[in-house]
């Protein structure tokens, strides 16, 4: 049986969808205008700069970004042509490839990061009281946990109150 959203849940869900879409578009627009990087470029460069040596196996990068391998492959090829990274055969087993951050890629993220952080602060954190920042962190963690360990649709969901799920 379908558990339809009530009016309150529907309003919250639609508000979330509008916010997600508008926030992503505005972050992309500003990042592109200020640095020439797309959000996807930025995500890849952040993942590489998170590594002490600026290197990561392609499959690990795909998992970290939650991207399909084909999407990542095409995107990395475009970034390589711009000199932001290189690709090398994996020395461990010769079966995979490693993505390597170039000096140009490091410089690009170092130029882009301050403006991007200011945009995130302005659009998200400056709009929220401190308690809401904690709530955002809790909500995000709960949804991510659910995505990592999905519930069987046939199992009843404990909604924590009398009457169970709606």
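Things worth noting here:
- Computed from label points 7 Å out along Cα-Cβ, the spacing between residue 146 and residue 46 is 2.3 nm.
- Largest mean-square fluctuation among 120, 98, 151, in a Gaussian network model of the chain whose springs join Cα atoms under 10 Å apart, belongs to 151.
- If you take the alpha carbon atoms of the chain and fit the smallest convex hull around them, that volume is 174 Å³ per residue.
- Rounded tilt (10° steps) of 130-148 against the dominant C-alpha axis of the chain: 80
- Nearest-ten-degree value, helix 39-49 long axis tilted from longest Cα axis of the chain: 70
Here, each number is a calculation from the coordinates, and none is a lab measurement. These numbers were taken from a predicted model, which means no experiment stands behind them. Using ideal geometry, Cβ is built from the backbone for each residue, glycine included, and neighbour counts are taken over all protein chains shown.
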